[in-house]
Structure formats: structure tokens, C-alpha cells
Amino acid sequence: MNSKIVALTVLAILMVSSASVVLYSEDSDAAVTVKDGEGTSFTFDSPVNRIITIGAGVTATAIGVGALDKISVCDSYSKTNKDPLFDTLKKYVEEGKIAANGNIYNSGKEQLKIDIIDAAEPTKGNFDKEKDVVLAVVSPSYKANLGFLQENGFKNVMYWSTVDDYSDIVDFVETISLVCNGKVDSNAAAMRAVQDKINLTLEKEKPATAKAFYVTYSAGVFKVGNTTSITTAMIEAAGGEVITKDPTKSASTIEVNLTTLIESNPDAIIFADSQVFNSEEHMKNLRTAVGNDAKIYGLEGIWNNFSIESSKGVWQMASAMYPDLFEGDMPTPSQGSDSTMIYAIAAAIAVVIIVLVAFIFMRSPKGASKRKNE
């Protein structure tokens, strides 16, 4: 091969290599600015080294975006959760890599405080309270139990409490991915892929809107999802019309007459949380209230949460409400959404074009004449 072609090829490869390094750097090491569920802004120069997760959904999300090894402390509910995705976390707890002895509630708040303060003590832990981040999902009534964080100088504490719609959960997952990885990874991006697939399909097919609602059991009675319920947001993201919303009431779940509700909406689909669906007694009583003809689907405990796993619940809801339109595995992001891959392919094509043009030029009469004159 002519030496000029070789030189051009080497130059092109060096350019592609440099671009690849820059792309990788921009994806993983560039500063990111994010907001928590309260609208507070945080800026991180690079992905944080360590995190503290408060809430099983937060812990599940950290695991889902590949940040399990960054967890210094999680709450005890994450440790005792029966979902298989927590199995490796439990192993880390047993090995002493993660502390998980307390929780946000009054019975566990003191131990949670001890775990977190110890994690930030240089002689005991590896958490930097100036640079690392605490991620907490907590209702306003229990937020005061984390007041010790500010008192002890923890700089980055991010809070989430309620949702207006499903996009709030997606934002939550993407924020944690950005904080931990410096980018939105494919697992977090899958949440938008699910929502986009459902929206596009329903817009195209225009089926009759399915009616549905969520039921749980609390304080000795069945309650249904209201306007601020995460599960209500999930049903709506799946294309359903939630028939239990009452904006005059502030609670996320409210008590209604289930028998009357079903009599007025006989085709309504019921999504029962795991504690109801997995209880023979609760299911018997629920059937008594709604009748044997009502369709009841069970939810995994981790789904109706601020969690990366909630997209699985949304997909299952869509499949239950519109079985002719949605089935099988939930959709995943297309490779086209990965800008790094696009640029890498484009750069590779550029190398081929440069070499081809150089080769044609050197073989052309003009090129040959020039070589002869040289």
C-alpha cells in the first residue's frame, strides 16, 4: 500500500481513538447536575464513590443501575426483602460490607443513625459526607427522623416522597443512574422504552380505555389508590383509567365501598398489592366484596415503589388491561439511543471512506500522473 494511504489511515485511526476516549470521558466522568423529588439541585463533578440508600425501592434502583458495590448503608427493609434481586446485597451485609440494621421508622431510626454516622467516620467507614450522597424515599411525616444528617454535616441528601405521574419515577431512576454512573445506563433507559412503547401502541390502535384500580390492606380495612398513589401513576402509565381517584382527599390510599364500586364498574380490573394477593384470608375477603367475576391481578412488592423495578409492573398492567396489544417480555431501549455507539460506528465508517478515497485517488490517472512527475 502507498505510504500516503498508510499515513492517512493511521491519522484517521488516531482521530477515531481520540474521539472514543472523549466520548467515554463525557459519558462517565463529566459533571452532572440533577434534582431530587423536592426540586433541590445537586452538582457532582463525577460519579460518586459511595451512596447510602434509604428505602427498598432506592436500594433496588441502585442495584439495578449497577451501583451495589457503592452502597455503604441501606435500611433494614432492603436487607429483609424477599425479592431475589436483593440476594447479593444480603451476602454483602453478612460479610460486613454494607450496614443494614436500622430504618426510617421510630423503632429503627436510632440504629439507622448509628450506621450512617459510623459509615462517615474515617476510622470506621468509607463514606465521604462532603462528596458522597444519601438517597432517601421518605414520607413527609417521617422526614424529621433524618434530621441528624444535616446536623452532622452530610452535604448531599436527596429526598423523594410523592408522585404526580409515572414520569416522576422515571426521573428518580435516571437521577440515581446519573449520580452513580455519570450517565443514564440501559437499565434505567428501559423505563422510558416501556412507557414509549405503550403510548405509541395505544395511540395507533385506539382501544377502549380500560378501567382499573389498586387495592391494598391497611389499618384493618381494604383501601384503594388515590391521586398521589405510585400504583395509580403506574396504572395510568399503562393506559388505564383509575376509577378511585378522589382529589378532595389528600391520602394516597383511601377507603371506599368495593361492592358498590364494582357494581358501577363491572369490567374494572383490580391490581392487588403483594400482601393482599399472597394472603388467602385477604383474597377470600376481597372476593366477597367484589364477586367472583372481577379480574384480580397480583403485584410484586417491589413494583409499586419508587423503583427501577416499577417498569416491570407497568408492563404487566398493560398486558392485563390490553392482552391483545401487549404480551411477552417488556421492550428494551434500541441501540440507536446510545450516542456513543452511534459515534463509534460513524467514526469507523469515516476511516473506511478516507482509505477508499485515498486509494481511488492514488489509482486515478491524475494521481498516477502526479506520481510519475514526482
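The values are calculated or read from the model by the stated rules, or taken from the named source; none is laboratory data. Quick caveat: nothing in here was measured; it's all calculated off a predicted structure. Counting neighbours? That spans all protein chains shown, and the Cβs are built from the backbone with ideal geometry, glycine included. The protein model used for the area step is the full one, side chains on, heavy atoms only, and it has no ligands, DNA or RNA in it. Shrake-Rupley method; radii C 1.70, N 1.55, O 1.52, S 1.80 Å.
Is it true that Ile104 is touching a residue at least 12 places away in the same chain (Cβ under 8 Å) and not in a loop (DSSP other than H, G, I, E, B)? Full working, then the answer.
Working: touching a residue at least 12 places away in the same chain (Cβ under 8 Å): yes; not in a loop (DSSP other than H, G, I, E, B): no.
No; evaluated as a whole, the condition is false for this residue.
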Within the stretch 237-247, does at least one residue satisfy the condition of being more than 30 Å from Leu85 (Cβ to Cβ) and modelled with pLDDT under 95?
yes
Is there a residue in the stretch 54-71 that is under 14 Å from the mean Cα position of the chain (by Cα), open to solvent by 30 Å² or more (accessible area, probe 1.4 Å) and of a type outside the set (S, T, N, Q)? yes
For the stretch 220-230 the number of residues that are in contact with a strand residue (DSSP E or B) (Cβ under 9 Å, 6 or more places away or on another chain) and assigned to a strand (DSSP E or B) is 4
When the stretch 125-140 is checked residue by residue, the ones that are free of Cβ contacts under 8 Å to residues at least 40 places away in the same chain, within 30 Å of Ala251 (Cβ to Cβ) and surrounded by 14 or more Cβ atoms within 10 Å (Cβ to Cβ) are none
With criteria (1) in contact with a helix residue (DSSP H, G or I) (Cβ under 6 Å, 6 or more places away or on another chain); (2) loosely packed, with under 14 Cβ neighbours inside 10 Å, Pro122 comes up short on (1)
Residue count, the stretch 254-290, condition open to solvent by 20 Å² or more (accessible area, probe 1.4 Å), out of contact with any helix residue (DSSP H, G or I) (no Cβ under 6 Å at 6 or more places or on another chain) and part of a helix (DSSP H, G or I), comes to 14
Is the stretch 310-331 home to any residue that is closer than 20 Å to Ser252 by Cβ and of a type in the set (Asp, Glu)? no
Selection status of Met158, buried (at least 21 other Cβ atoms within 10 Å of the Cβ), touching a Ser or Thr at 6+ places or on another chain (Cβ under 7 Å) and touching a residue at least 12 places away in the same chain (Cβ under 8 Å)
no
For Ile235, the lone unmet condition from (1) under 28 Å from the mean Cα position of the chain (by Cα); (2) over 14 Å from Gly313 (Cα atoms); (3) open to solvent by less than 10 Å² (accessible area, probe 1.4 Å) is (2)
Flagged in the stretch 291-317 as of a type outside the set (Ser, Thr, Tyr), part of a loop (DSSP other than H, G, I, E, B) and under 30 Å from Thr332 (Cα atoms), in numbering order, are Leu299, Glu300, Gly301, Ile302, Trp303, Asn304, Asn305, Phe306, Ile308, Glu309
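Sort out which residues of the stretch 219-232 are surrounded by 13 or more Cβ atoms within 10 Å (Cβ to Cβ) and not polar (S, T, N, Q), and write them in order of number. Give the derivation first.
Our first condition is that a residue be surrounded by 13 or more Cβ atoms within 10 Å (Cβ to Cβ); within the stretch 219-232, this holds for 222-232.
Phe222, Lys223, Val224, Gly225, Ile230 - these are the residues of the stretch 219-232 that are surrounded by 13 or more Cβ atoms within 10 Å (Cβ to Cβ) and not polar (S, T, N, Q).
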For Lys204, the lone unmet condition from (1) more than 27 Å from Lys295 (Cβ to Cβ); (2) surrounded by fewer than 17 Cβ atoms within 10 Å (Cβ to Cβ) is (1)
Filtering strands (runs of 3 or more DSSP E) wholly in the stretch 41-91 for at least 1 residues that are over 19 Å from Trp160 (Cβ atoms), in contact with a strand residue (DSSP E or B) (Cβ under 9 Å, 6 or more places away or on another chain) and in contact (Cβ under 8 Å) with a residue 12 or more places away in the chain gives 71-74
